[in-house]
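Single-structure report; data block below.
Please treat every number below as a calculation from the coordinates, not as lab data. Keep in mind that this is a model prediction, so the values were computed, not measured. Note that we place each Cβ from the backbone using ideal geometry, even for glycine, and neighbour counts take in every protein chain shown.
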């Protein structure tokens, strides 16, 4: 699903002070008591550069393109681009190609390592205050590899950490720890939501929230009440609403609207149906409201989205 344009990371303060000592994965580390943020820069083409961390790491692309491979997973390599992040579990070797790097167009990426004690503090807090349902393992961070496209909150939090770590402020540890806690929670919510909604898993048979998500997709074209979703989850309405929001990082209404817009964008790309028909098919009984929600999620009006999609196909 295409999203609103996200602002790129600003690393200008880093660029003004960093020292280039090597042309491939030049490393500049910024450290506080509970975490280390490292900015890597490569200035010429290179292949099969390997990096391994002994703790989970959050990698986020800043500029350029990498071709990433995790040999231990047996999965094919993939492009890693700005606006994308990965959580890579401990002792997982990353094998990286830099097909486009050059001095005037370097490839830049950051790696964020958080102290295990800090991660445990955050997961314990979340497991105590907002435990996962139908999941004996509870909230975990970095136990499994996870690829994501940054949403606006995650992009903003990473940008804020870059600013804090590269700033000369005596209270940077305090500022950073506040942001780290929110970032870890949002990343775990994103991972939990992605896993529960994955068609490759059978969570709908054993997890009530996954079942509810499947139920929403099945009935997306009609009016869906929170009460009926709570009944499907065998929970009271207040408890369902709270649990859904804690796990997915969004309210049930926000999730329903997001799924409707996802369906609408597909119909606009692949059919010639009029906007009113698309709106009704996706569960919006009011065309004006549909257009408002579509613009909010996608950054453009439905008609403009369709026009751009057709143009992209014609120019391919």
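At a glance:
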| read-out | value |
| --- | --- |
| Relative exposure of 206, 113, judged by other C-beta atoms within 10 Å (fewest first) | 206, 113 |
| Residue exposure sequence - 166, 262, 270 - by fewest surrounding Cβ within 10 Å | 270, 262, 166 |
| Shape call, the stretch 12-197: gyration tensor on alpha carbons, a/c limit 1.5 | oblate |
| Relative contact order computed over the chain (Cα-Cα under 8 Å; 6+ residues apart), in percent | 15 |
| Computed log₁₀ I(q)/I(0) - Debye formula, equal Cα scatterers, no solvent, the stretch 201-316, q 0.13, 0.21 Å⁻¹ | -0.56, -1.09 |
| Spin-label zone in the stretch 77-103 - amide nitrogen under 19 Å from a point set 7 Å from the Cα of residue 127 along the C-beta vector | 89-90 |
| Stretch gain in nm, segment residue 313-residue 65, where the contour uses 0.36 nm per residue and the Cα spacing is subtracted | 86.9 nm |
| Helix axis angle, 116-129 relative to the chain longest principal axis, alpha carbon, degrees | 20 |
| Computed helical MRE - 222 nm, the chain, DSSP H runs ≥ 4 contributing -39500 (n - 2.57), nearest 500 | -14000 deg cm²/dmol |
| Residue order, fewest to most beta carbons within 10 Å, for 163, 40 | 163, 40 |
| Global form of the stretch 7-111, assessed from the alpha-carbon gyration tensor, a/c cut-off 1.5 | oblate |
| Where labels lie 7 Å past Cα in the beta-carbon direction, separation of residue 232 and residue 170 in nm | 5.6 |
| Computed lengthening from residue 104 to residue 137, 0.36 nm per intervening residue step minus Cα-Cα distance | 7.2 nm |
| Of all DSSP beta bridges in the stretch 12-197, antiparallel share, percent nearest 5 | 100 |
